[in-house]
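This report concerns only the one structure given below.
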């Protein structure tokens, strides 16, 4: 066999393989887009089961968010209480204790400083939990489609939430999954949820920066972190998975919040008690999450599925 013949055979094999792949893709695409009764009967139950599972996961993550956010508020309150106690320690009258225990103020300040450090670590932990929740929500929202699994023409048709074919869009050709809505409609509602939680996450990150910069002159600590610094190892990768990291600016996306504009990022070591209380309230209120809208989304999705998501 000549070199030319070998080259021709190789080229023919490549073309043949390419044609085969294209034909399989067309078969898959036609099977769903033309919505043959047999394929639709198989695809729709699989899509329904997958959608229900993904939305139940979103409900669970919404509940986990509430728990983590509540814990964060508790740690913030404890941090502020320790900070204020330490700040005003010098003005407190310790009476006879100051005579019997001359170092009582110093010891108390040291204890309060240790408490603050513990509450800061716990606050970081709660923030990390919130990041992971939004990351999971993002992954869930991208797993709502139902793709054909395995080779086209196989007698055993299977489905997956992972695409094996660029021509299979996983949406059943735009068919309604339950009664009225296509998969894209479910996805858009999920994205609306995630947008709210993402905005609130970045606002909470801003508040975390506010609270790690407070300290007492009697117990100075290093507070030179800026917005472009990681709060924990691997934070930026986690934020990338949530689409909350700006590659252009090489830092997390700065929050565009509905919160009061007085909550800026400039460090202030001597915030008043009122300022601190405002920041705790801002954490609790969650200005960027419309709770009524969140509840309504889960309600109407459940109604479309004929299933109670709560």
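Counting other beta carbons within 10 Å of each Cβ, put 247, 286, 200 in order, fewest first.
247, 286, 200
Rank these for me by crowding, 281, 40, going from fewest to most other beta carbons within 10 Å.
281, 40
Values quoted throughout were computed directly from the atomic coordinates according to the rules given, and no laboratory measurement underlies them. As the structure is a computational prediction, the values presented were derived from the model and not from experiment. Note that each Cβ is placed from the backbone with ideal geometry, even for glycine, and that neighbours are counted across all protein chains shown.
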